[in-house]
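First the structure, in the form of structure tokens, and then the observations on it.
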Amino acid sequence: VGRQNLKFGKGWLVTDMLTPSQYISFDALRLTWNPSSDVVVDAFAAKLTDRYATEQDGDTDFYGVYGTYTGWAPLTMSAYYYFLRDASHIEDTRLTPIGEWFEEERGLDDYGATRLHTVGTHLFGKSNGFDYELEMAYQFGDANHLGVGFKPLGGLYGDPDAEYNNWGAEATLGYTFADVKWAPRPYVMG
């Protein structure tokens with residue numbers, strides 16, 4: 001419990017690095033369950049931003065579960081689920097009280113909380129000089145905060161119904177020459 005680093009896998013989506021020389025920490029509760037030497041499961045709840053109480057709450061919260069299985073030597077397998085909720089208040093315009101009443105009545109300039117779900121897997125290992133890695137994630141949910149930027153030409157208001165719905169992946173295949181003095185490792189990554 002308290003301020004701590006959170007890094008899962010190699011840090012593709014959740015890392016403790018802000019820049020190569022700056023670390024970040026999270027105000028979080030983290031539970032680790034290790035039922036055997038082959039299985040580790042981490043669950044966490046973090047408060048990324050704690051704003052003063054408002055009508056829409058205003059806080060940014062981050063939750064997740066990350067499990068890893070290491071029982072097969074050539075391949076380590078991880079699976080995870082993350083949930084990010086950003087309820088910060090965003091407006092396109094700041095009008096007079098009459099203008100704000102009009103926007104409220106028409107449902108304009110009203111962006112709800114962003115709710116981003118991420119499910120993914122991370123597979124990696126080494127065998128016979130080869131090393132390999134694949135991480136895939138699917139993100140879905142309400143992208144209301146990003147919708148503020150989707151304004152039609154000349155429009156005042158963004159899209160309050162924007163959504164996340166995308167895949168992301170990273171793959172690496174490398175080979176290390178062990179019989180050479182410097183042990184070079186050419187690799188391909190995408």
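The values are calculated or read from the model by the stated rules, or taken from the named source; none is laboratory data. Just so it is clear, the model here is predicted, and its values are computed rather than measured. For neighbour counting, all protein chains shown are included, and Cβ atoms are generated from backbone atoms with ideal geometry for every residue, glycine included. The accessibility values were calculated without ligands, DNA or RNA, using every heavy atom of the protein model including side chains. Shrake-Rupley method; radii C 1.70, N 1.55, O 1.52, S 1.80 Å.
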Flagged in segment 135-161 as more than 30 Å from T76 (Cα to Cα) and hydrophobic (A, V, I, L, M, F, W, C), in numbering order, are A143, L146, V148, F150, L153, L156
Which condition breaks for R115 when tested against (1) surrounded by 16 or more Cβ atoms within 10 Å (Cβ to Cβ); (2) part of a loop (DSSP other than H, G, I, E, B)?
(2)
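Please enumerate the residues belonging to segment 4-20 that are open to solvent by 90 Å² or more (accessible area, probe 1.4 Å), over 12 Å from the mean Cα position of the chain (by Cα) and at pLDDT 90 or above. Steps first, answer last, please.
Of segment 4-20, the ones open to solvent by 90 Å² or more (accessible area, probe 1.4 Å) are 7, 18, 20.
With the extra rule that they be over 12 Å from the mean Cα position of the chain (by Cα), the set shrinks to 18, 20.
Across segment 4-20, there are no qualifying residues.
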Any idea how many residues of segment 70-104 are aromatic (F, W, Y) and either out of contact with any Ser or Thr (no Cβ under 8 Å at 6 or more places or on another chain) or open to solvent by 80 Å² or more (accessible area, probe 1.4 Å) (or both)?
4
Considering segment 107-130 alone, what residues qualify as being touching a residue at least 40 places away in the same chain (Cβ under 8 Å) and among the polar types (S, T, N, Q)?
T118, T121, S127
Quick one: which of D57, D109, D38 is more than 23 Å from the chain's Cα centre (by Cα) and either open to solvent by 40 Å² or more (accessible area, probe 1.4 Å) or at pLDDT 90 or above (or both)?
D38
